[in-house]
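Inspection log for the structure reproduced underneath, given as structure tokens.
The values are calculated or read from the model by the stated rules, or taken from the named source; none is laboratory data. Predicted model, so just to flag it, every value in this text is computed and none were measured. Note that each Cβ is placed from the backbone with ideal geometry, even for glycine, and that neighbours are counted across all protein chains shown.
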Amino acid sequence: MKSYKLDPEEEQILKDFEEGKYVRVENFEERKKELEEAARNTLKKTRNINIRLTEMDLQRLKVKAAEEGIPYQTLASSILHKYTQK
């Protein structure tokens, strides 16, 4: 299990939890599903980035994208996604 360094506020929350000072919210399972979905949606959001490529690399990327019939930015995103999933 990973070990995390808690700040003082987090330590107090953990202490209060262990002492039973927290009560479960009504409709816990339903609320938990809502919050999990919100967390997943937050992670799915896309962000714009700027990246510097050589002119030759950009042209080759555009050619490959044209061969695939997709925009070059979509191809670049797909390549990065596949690489980071390994």
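Tabulated values for the structure
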| quantity | calculated |
| --- | --- |
| Helices (runs of 4 or more DSSP H) within the chain that include 3 or more residues more than 20 Å from the chain's Cα centre (by Cα) and of a type in the set (Lys, Arg) | 55-68 |
| Met56 being loosely packed, with under 11 Cβ neighbours inside 10 Å, among the hydrophobic types (A, V, I, L, M, F, W, C) and at pLDDT 95 or above | yes |
| Residue selected from segment 39-53 under the condition modelled with pLDDT under 90 and hydrophobic (A, V, I, L, M, F, W, C), by the criterion surrounded by the most Cβ atoms within 10 Å (Cβ to Cβ) | Ala39 |
| Residue that is charged (D, E, K, R) and loosely packed, with under 11 Cβ neighbours inside 10 Å, where the choices are Lys33, Lys5, Lys64 | Lys5 |
